[in-house]
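Data first, discussion second: the structure below is written as C-alpha cells.
The values are calculated or read from the model by the stated rules, or taken from the named source; none is laboratory data. Quick caveat: nothing in here was measured; it's all calculated off a predicted structure. For neighbour counting, all protein chains shown are included, and Cβ atoms are generated from backbone atoms with ideal geometry for every residue, glycine included.
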Amino acid sequence: MSHLFGHNGAEGEGYSQPAPLTTAQTPSVPSALVRARPARWPRLSEPEMVRHYTWLSKRNFGIDTGFYPLGSCTMKHNPRVNEVIAQLPGIADIHPHQPEHQLQGWLSIYYEMQHMLAVVAGMDDVTLQPVAGAQGEFTAIRCIQEYFRLRGEDQRTKVIVPDSAHGTNPASAAMAGFEIVEIPSLEDGRMDLEALAAVADETTAAMMITNPNTLGLFEADISEASRIVHDAGGQMYYDGANFNAILGITSPGLMGFDAVHFNLHKTFSQPHGGGGPGSGPIGVKSHLAPFLPGPVAARDEASPEDVHRSLDGHIYRWHEPEHSIGKVQQWHGNAGAVIRCWAYYRRYGSGLKQMSEHAVLNANYLRHAIHREAKAAGVDHLFEDGAETEVAKHEFTLSMQPAKEALGVSAMDVAKGLLDRGYMAPTVYFPLVVPECMMIEPTETESKDTLDTFAEHFAQVLKTDPETLHEAPITTPVRRVDEVYAARNLCLKHPFDEA
Ligand SMILES: Cc1ncc(COP(=O)(O)O)c(C=O)c1O
C-alpha cells in the first residue's frame, strides 16, 4: 500500500470535528488567532490510519529492528520491564501538583535515584531536573558560575575544553557566558597536560572533559589534570556521556571532579534518539550543592505516630537548595525517563559493573573482528600505523583516511554501504580530530554472533566497487540525500500542509 501523505480521503470522513468557536465564545483569544474554518484534517477511516502508521513504522530503523552501532549515542536494548514499571498506575497517574504526603512512594524513588547516582559518581548531591546531557552541562556550569560569583571570583571567565570534546561542552559553557579555551590533543588522541598547564590560571572557571574521551580512550593522566585545574582555583567538570564504560569500576569523584552530568538515557537505558527525550541529572560535590536547581527529593526521620510516613519509616519531601540557580525544567524533570532508569538500576544493582565490563569487551572485540575480517578480505589499509594495538573503552574510532587514499572511498561511502546491508551506520566525521572518522559503539547488549556478522559485512563493504559505494544506499526508502542542498534550501513543510 502506498503512503497517505497528501491523500485527503475523498470518500467520507473518519472523524467528527466540533464547529470552530466564534470570537465571542473565545474573548481571551486574539481574534486573528481564532479558527475561521474547520481544521483541515485528512478524512481517513481508522483502518486507513492504522495502515498508514504501520507502513511508516516499517520504513523506520531502530534498535528493535537491527544493530545500531552509533558511536557516542549508546543505542542499546531497552528492557521492557522498564516500560511495565513506568506504566504502573501508582506511577503513571501521579500529578506533579499532588501534596507531598500523597507522593511518599514517588519521592522515595527520586531520593533513591539521587542517592544511587551520587554513590556511583563519587559525588555528594544530585538533582534530577535536567532533561538531556547538554542541559545537564549547562546546569552544572551555571552552578559553578554562581559558586564563583558568591565567592567574589568574577574574574573566572574561561572554560577549558580539549579539542576532542563533544560540541555540546563548549556550546553549554558559551551559553552561560564563558569564553572557551580549546587545548589540542596529543598524537594518540589523549589530553595534552602541558597545554593544559599553560592555560590554567586565575581566570579559569572550569575544565570540561569526558573520560573515556570521545575517541573511546581513557585519560590516564586525569588526576594530574584535576590537580592542575584545582591548583589554579578552577573546577573540574565531568561529561558523563561515557559513564557506561566506567560504572562500578571507577568514578568521577575518584578522578578529582567537582561536578558531573549523567546521560541517564545512555548508561541506564531509556529510549532516545534525535536528542531526546532523555534525562541529564547532575551530581556535585558538597560545595556546589547549594546551587542545584530544585526541587530535589529530601528525607527526614519520622516518628512512628506520623501517619504520613512512607513504608520505609521516613518522611520524604521536596527541597529547594539555598542558592539555587533556579529551575531548568518544569515539574520533576523528565519523570518517565527517571523512572525507567530507576527500574533498570533496581533490576541490575551491583550487576551494573558487569554492564560496563561487557560494553568495553564488546567494543574491543568488534574492533579486532573488523580488523581481522578486513585483512582476510584483502583490505589491509584500514588502520593507521599502531592503531590496532590500542585498547579502547566502550567505543572506538576508525580512520577511513587510508581507505580513502587507497580506494577513493570515504567514511560516508562506507557508512552508506552499511545501510544497504541492513545496519544503522556508525557515527561519521566525529570527533573531528580523527581524519575520515567512523565511531563505533556496539554496547553490551549485542551478542558475539551479531558482532562477528557485522565485522564480515564491514569488510565486504570495503571490498565493494567504489563506484557502487558512491551511489549507496540503494535499498533504503530514501536514497543518499544531497546534504548541502538540503541545508541550504531547508523545507520543513510537507506538500500536504499547503493543500
Ligand atoms: C560526549 C557527549 N557529551 C554530551 C552529549 C550530549 O548529550 P545529550 O544528547 O543527552 O544532550 C553527548 C551526546 O551524544 C555526548 O556523546
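Just checking, which of R317, R309, R347 is within 25 Å of A140 (Cβ to Cβ) and either of a type in the set (K, R) or surrounded by fewer than 18 Cβ atoms within 10 Å (Cβ to Cβ) (or both)?
Every option except R317 fails the conditions.
Based on what the data block shows, is L196 among the hydrophobic types (A, V, I, L, M, F, W, C), modelled with pLDDT of 95 or more, away from the ligand (no atom under 15 Å from the Cβ) and surrounded by fewer than 17 Cβ atoms within 10 Å (Cβ to Cβ)?
No, not satisfied.
Look through V414, V434, V409 and report the one residue that is surrounded by 19 or more Cβ atoms within 10 Å (Cβ to Cβ), over 26 Å from I183 (Cα atoms), assigned by TED's automatic domain parsing to the domain that holds L366 and at pLDDT below 95.
None of the other options fit; the residue is V409.
State all residues of the stretch 151-188 that are aliphatic (A, V, I, L, M), within 25 Å of G333 (Cβ to Cβ) and touching a residue at least 12 places away in the same chain (Cβ under 8 Å); if no residue qualifies, say none.
Here is the first cut: in the stretch 151-188, the ones aliphatic (A, V, I, L, M) are 159-161, 165, 171, 173-176, 180-181, 183, 186.
Next, from what is left, pick out any that are within 25 Å of G333 (Cβ to Cβ): 159, 165, 171, 173-176.
Residues satisfying the conditions are V159, A165, A171, A173, M175, A176.
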**Asked** Applying the selection to the stretch 162-179, what residues are under 20 Å from N213 (Cβ atoms), more than 13 Å from the ligand (Cβ to nearest atom) and crowded, with 20+ Cβ neighbours inside 10 Å?
**Response** none
**Message:** Among the numbered criteria (1) within 20 Å of G333 (Cα to Cα); (2) more than 16 Å from the ligand (Cβ to nearest atom); (3) in a helix (DSSP H, G or I), which one does I94 miss?
**Reply:** (3)
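Tell me, which residue of the stretch 393-452 that is without any contact (Cβ under 8 Å) to a residue 40 or more places away in the chain and hydrophobic (A, V, I, L, M, F, W, C) is farthest from Y68 (Cα to Cα)?
The qualifying residue farthest from Y68 (Cα to Cα) is A406.
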**Request:** Go through the stretch 245-328 and tell me which strands (runs of 3 or more DSSP E), entirely inside it, have 1 or more residues that are β-branched (V, I, T) and within 16 Å of the ligand (Cβ to nearest atom).
**Result:** 259-262, 282-284
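Every residue, every condition in (1) within 16 Å of the ligand (Cβ to nearest atom); (2) surrounded by 14 or more Cβ atoms within 10 Å (Cβ to Cβ), yes or no:
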residue	(1), (2)
P79	no, yes
Q87	no, no
Q98	no, no
H101	no, yes
G133	yes, yes
E146	no, yes
**Message:** Being more than 16 Å from the ligand (Cβ to nearest atom), in the same structural domain as I228 (by TED's automatic domain parsing) and more than 27 Å from L311 (Cα to Cα) is true for just one of R142, R156. Which residue is that?
**Reply:** R156
**Item:** Of all residues making up the stretch 209-244, the number that are in a loop (DSSP other than H, G, I, E, B), within 16 Å of the ligand (Cβ to nearest atom) and of a type in the set (D, E, K, R)
**Value:** 1
